[in-house]
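Have a look at the structure below, then the notes.
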Amino acid sequence: MKSKSVSLLPLLVAIVTWISCGRGRTLPTLGGADSLAMEDTLENDSVLFFEEEDEGLSLDEHETEVFGDFIFAFTHNSRFQAERIRFPLPVTEADGEESVIRSGRQFREEFQLPGNDYYILLLGDMQQMEGFQNDSSLTEVDFQCISLPKLSMTSYNFRRTDGHWFLHRRIQAHVNANIVDFLHFYEHFVTDSLFQQEHLARELSISMEDPDGEIGGIEGIIEASQWPMFRPEMPQGRFVNIDFGQTFPNPDRLYMLQCGISNGMLNIFTFRRKDGQWKLTAYEN
């Protein structure tokens, strides 16, 4: 069975560390990065996302600044964070009203993300993941904190200017039109067991690794009635979706990747829509 774990990028490891607020974790120093001395950011009112100490990470200014390297440093070095948020930070509310966040202290008070032990990637094509891994030309990435019941989100927009990434704006909005129909279906799917059973493919493809590595995993087709025996805990409520500009070339097919923070988990759910009805057709971990 082909493992998908190799597709987890350093960027994504960094992002989920941010989402988890870094409690109790330490990550390795960026290769080739200079070390910055830790400073008291509460005194100078710069930006600090975590309660833990910084890891002394920074970027080599002579290297091309790819987003993966940037976000790793941004989430682990408070001085670097302060340098990459230009205050006043624009804020756009759902009704279009504009305001600003004027200081790092105010930003810390308002910055909230779900405490889930995972994050989500919604993809229209699995090859997009491979392309993103090697793409150093990205200029914009959004971290979207999505509320499924309300179909609303708080998006943190990062943009690259003159070769450097900055937090550009915070946006309160409804979820993107290209995924709203799916998320409306999915919220019902994960909260209503009868509805879920009715929206499984008659023959559901599964590919599961053996956690003990002894029997080589399970791969094949199961009937919908067998799904409860294999079903993992699925994302629901509030979670973070990462939008790096991925497209959805086939509106009737969508991949949901549930990426674990502390345990290396990767669950891939494939959904397809036929005759106006979304159904889960495959699950892989």
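None of the figures in this text is laboratory data; all of them are computed from the coordinates on show. Not measured: the values here are computed from a predicted model. Note that each Cβ is placed from the backbone with ideal geometry, even for glycine, and that neighbours are counted across all protein chains shown.
A simple spin-label model places the labels of M234 and Q106 4.1 nm from each other, with each point 7 Å out along Cα-to-Cβ. Taken over segment 195-285, the ratio of Cα radius of gyration to 2.2 N^0.38 Å equals 1.16. Find the relative contact order for segment 112-251 and round it to a whole percent, using C-alpha pairs within less than 8 Å whose residues are 6+ positions apart. Computed over segment 112-251, the figure is 35 percent. Which stretch or stretches of segment 179-196 have amide N atoms under 14 Å from the point lying 7 Å from L151's Cα along the Cα→Cβ direction? Of the residues in segment 179-196, 179-189 have backbone N under 14 Å from the label point off L151. In terms of the mean number of neighbouring beta-carbon atoms within 10 Å, the peptides 116-124, 94-102, 242-250 order highest first as 116-124, 242-250, 94-102.
Taking label points 7 Å from Cα along the Cα-to-Cβ direction, K274 and D210 give a separation of 3.3 nm. In order along segment 275-283, phi translates into HN-Hα couplings of 6, x, 10, 6, 9, 7, 10, 7, 9 Hz, rounded to whole numbers, per the Karplus curve 6.51 cos²θ - 1.76 cosθ + 1.60 with θ = phi - 60° and x for Gly and Pro.
Once the Cβ-Cβ distance of I120 and A94 is raised to the sixth power relative to R0 = 30 Å, the FRET efficiency obtained is 0.90. Note on R202 and N178: their simple-model spin labels are 3.3 nm apart, each label 7 Å out from Cα toward Cβ.
For segment 219-227, putting each phi into the Karplus relation 6.51 cos²θ - 1.76 cosθ + 1.60 with θ = phi - 60° gives couplings of 8, x, 10, 10, 7, 4, 5, 8, 4 Hz, in residue order, rounded to whole numbers and with x for Gly and Pro. Under 5 Å between amide H atoms, partner at least 5 residues away or on a different chain: which partners does E209 have, H built in plane at 1.01 Å? Here the answer is I218, N285, since their amide H atoms fall under 5 Å of that of E209.
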